[in-house]
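I have placed the structure first, in the form of structure tokens, so that the comments after it can refer back to it.
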Amino acid sequence: MSRYLSPRLAALDAYTPGEQPRDMQYIKLNTNESPFPPSPLVLEKVSEAEVGRLNLYPDPEATVLRQKLAALHGLKPENVFVSNGSDDILNFAFMAFCDENRGAAFADITYGFYPVYGDLYGIDCKVIPLKGDFTLDPTEYHGLGRMIVIANPNAPTGLTISEADIRGILESNPDNVVLIDEAYVDFGGKSVYPLVKEYDNLLVVQTYSKSRSMAGARLGFAFGCTELIRDLELIKYSTNPYNINRLTMIAGEAAIDSNDYFMDNVNKIIEAREYTASELRKLGFTVTDSKANFLFAKSDRIGGEELYLELKKRGILVRHFSKERIKEYNRITVGTMEQMEKFVAAVADILY
Ligand code: PMP
């Protein structure tokens, strides 16, 4: 840290991304990426000609991309915001909807970036513990008077909450934003994006990083009422108007035009997830009922960190969190069936 850093940031505990090692080829089940490449149409559209146009700035309004996303979801382009990964949108939301007087609230076990944004902007964050089985009690989010952020499905547990519960939270918090982070919704959750027509305080955030195999392109999108989207645009035009590069924009449009490819991959991942969950249970693991592209599991035969290290020695990377409440667990991204068979065999080898 230099002596020039603002003292306000000196104690900031930044987000730690999952490992992206270069020392050897791992079976990478640690950062919830898709094991499949982007759709053939994406590869075709991001052509040499498009690279040749990189001398020009991209469309700051992302007109075509927003039209396509709106049409796919039965909404208007004014209800759609797009940005450089959904992390960017979460960042904008904390900037736009919270301040010294308006705090935020989220669960104790959820996406690790929420508290980082809270700290970055000096926001008072109410951390609400999940129940013993990692489910969320929606009534604890009623009438909070602060921005509420809920990942649905949650990370790293993969557990979901119902639309009825989300409605209850929206209705009891009319004066603050309820942000539903649906990064993993395509793997078996139910999106609440249609509710943006009913609730002005709902912001639904999704990403191309998981189900559409485009983590490397950095593209996220959000749905909300026109005013909420304008608020996010205010932040965008005050920080980085060209927040999506030309190649990502083209790739994002092509991915929407390849919906069948995307559905096929999602179904393969769901199948591999259910196979892996059932094999892990046979091996004595406690596994949450994940509706995401990852599993969250612990064994009483081996500690969470030890299993992570043993798997790493065998060339398989999973994600271990050292947080006390979940330190016996590992989060295992679901890869291809072949990768998951290797993973299950490695676990069995370690345990027996
Ligand atoms: N929300 C959740 C719950 C996540 O797990 C992630 C991925 N780390 C993100 C948002 C951010 O994803 P991206 O920025 O790649 O869209």
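So that you can scan it fast, the table gives a plain yes or no per residue for (1) touching a strand residue (DSSP E or B) at 6+ places or on another chain (Cβ under 9 Å); (2) touching a residue at least 60 places away in the same chain (Cβ under 8 Å); (3) not assigned by TED's automatic domain parsing to the domain that holds residue 242:
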site	(1), (2), (3)
71	no, no, no
77	no, no, no
81	yes, yes, no
86	yes, yes, no
92	yes, yes, no
98	yes, no, no
101	no, no, no
105	yes, no, no
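If we keep just the residues of region 122-154 that are closer than 20 Å to residue 92 by Cα and small (Gly, Ala, Ser), which is surrounded by the most Cβ atoms within 10 Å (Cβ to Cβ)?
Ranking the qualifying residues of region 122-154, first place goes to 151.
Please go through region 13-34 and give me each residue that is more than 16 Å from the ligand (Cβ to nearest atom) and at pLDDT 85 or above, ordered by number.
If the condition is that a residue be more than 16 Å from the ligand (Cβ to nearest atom) and at pLDDT 85 or above, then 13, 25, 26, 27 are the ones that fit.
Condition test on residue 242, is it under 24 Å from residue 190 (Cα atoms), in contact (Cβ under 8 Å) with a residue 40 or more places away in the chain and more than 20 Å from the chain's Cα centre (by Cα)?
So residue 242 fails the test.
Any idea which of 180, 161, 148 is of a type in the set (Val, Ile, Thr), within 21 Å of the chain's Cα centre (by Cα) and within 11 Å of the ligand (Cβ to nearest atom)?
180
Which of the residues spanning region 12-27 are of a type in the set (Asp, Glu) and either touching a strand residue (DSSP E or B) at 6+ places or on another chain (Cβ under 9 Å) or in contact (Cβ under 8 Å) with a residue 12 or more places away in the chain (or both)?
If we filter region 12-27 for residues that are of a type in the set (Asp, Glu), which is where we start, we get 13, 19, 23.
13, 19 - these are the residues of region 12-27 that are of a type in the set (Asp, Glu) and either touching a strand residue (DSSP E or B) at 6+ places or on another chain (Cβ under 9 Å) or in contact (Cβ under 8 Å) with a residue 12 or more places away in the chain (or both).
For region 161-225, give me every one of the strands (runs of 3 or more DSSP E) that falls completely inside it and has 1 or more residues that are without any contact (Cβ under 8 Å) to a residue 40 or more places away in the chain. Give the steps one after another, and end with the answer.
Working: elements: 178-181, 202-207, 220-223.
In region 161-225, 178-181, 202-207 are the strands (runs of 3 or more DSSP E) which contain 1 or more residues that are without any contact (Cβ under 8 Å) to a residue 40 or more places away in the chain.
Find all pairs meeting these conditions: Cβ atoms under 9 angstrom apart; at least six residues apart or on different chains; first residue within region 271-293 and touching a residue at least 24 places away in the same chain (Cβ under 8 Å); second residue part of a helix (DSSP H, G or I) and basic (Lys, Arg).
Note: pairs meeting the criteria are 290/273; 291/273; 292/273; 293/273.
Is there any pair with a first residue in region 248-263 that is assigned by TED's automatic domain parsing to the domain that holds residue 49 and closer than 18 Å to residue 85 by Cα and a second that is among the aliphatic types (A, V, I, L, M) and outside any helix (DSSP H, G or I) whose Cβ atoms are under 6 Å apart and which are 6 or more apart or on different chains, and what are they?
Listed by first residue and then by second, the contacts come to 248/219; 250/46; 251/46; 252/219.
Report, by residue number, each residue of region 78-112 that is within 11 Å of the ligand (Cβ to nearest atom) and more than 22 Å from residue 193 (Cα to Cα).
112
Restricting attention to region 206-216, does a residue exist that is among the charged types (D, E, K, R), away from the ligand (no atom under 15 Å from the Cβ) and either at pLDDT 95 or above or outside the structural domain of residue 112 (by TED's automatic domain parsing) (or both)?
So far as region 206-216 goes, no, none of its residues is among the charged types (D, E, K, R), away from the ligand (no atom under 15 Å from the Cβ) and either at pLDDT 95 or above or outside the structural domain of residue 112 (by TED's automatic domain parsing) (or both).
Of the numbered conditions (1) surrounded by 16 or more Cβ atoms within 10 Å (Cβ to Cβ); (2) closer than 21 Å to residue 321 by Cα; (3) touching a Phe, Trp or Tyr at 6+ places or on another chain (Cβ under 8 Å), residue 33 satisfies every one except a single condition; which is it?
Of (1) surrounded by 16 or more Cβ atoms within 10 Å (Cβ to Cβ); (2) closer than 21 Å to residue 321 by Cα; (3) touching a Phe, Trp or Tyr at 6+ places or on another chain (Cβ under 8 Å), only one is false for residue 33: (3).
Among the helices (runs of 4 or more DSSP H) lying completely within region 253-352, list those that include at least 3 residues that are under 18 Å from the mean Cα position of the chain (by Cα).
Values: elements: 259-282, 304-313, 337-351.
The qualifying helices (runs of 4 or more DSSP H) are 259-282.
Which ones in region 32-88 are aromatic (Phe, Trp, Tyr) and under 24 Å from the mean Cα position of the chain (by Cα)?
If the condition is that a residue be aromatic (Phe, Trp, Tyr) and under 24 Å from the mean Cα position of the chain (by Cα), then 36, 81 are the ones that fit.
The values are calculated or read from the model by the stated rules, or taken from the named source; none is laboratory data. Fair warning: this is a prediction, and the values are worked out from it, not measured in the lab. Neighbour counts run over all protein chains shown; Cβ positions are idealised from the backbone, glycine included.
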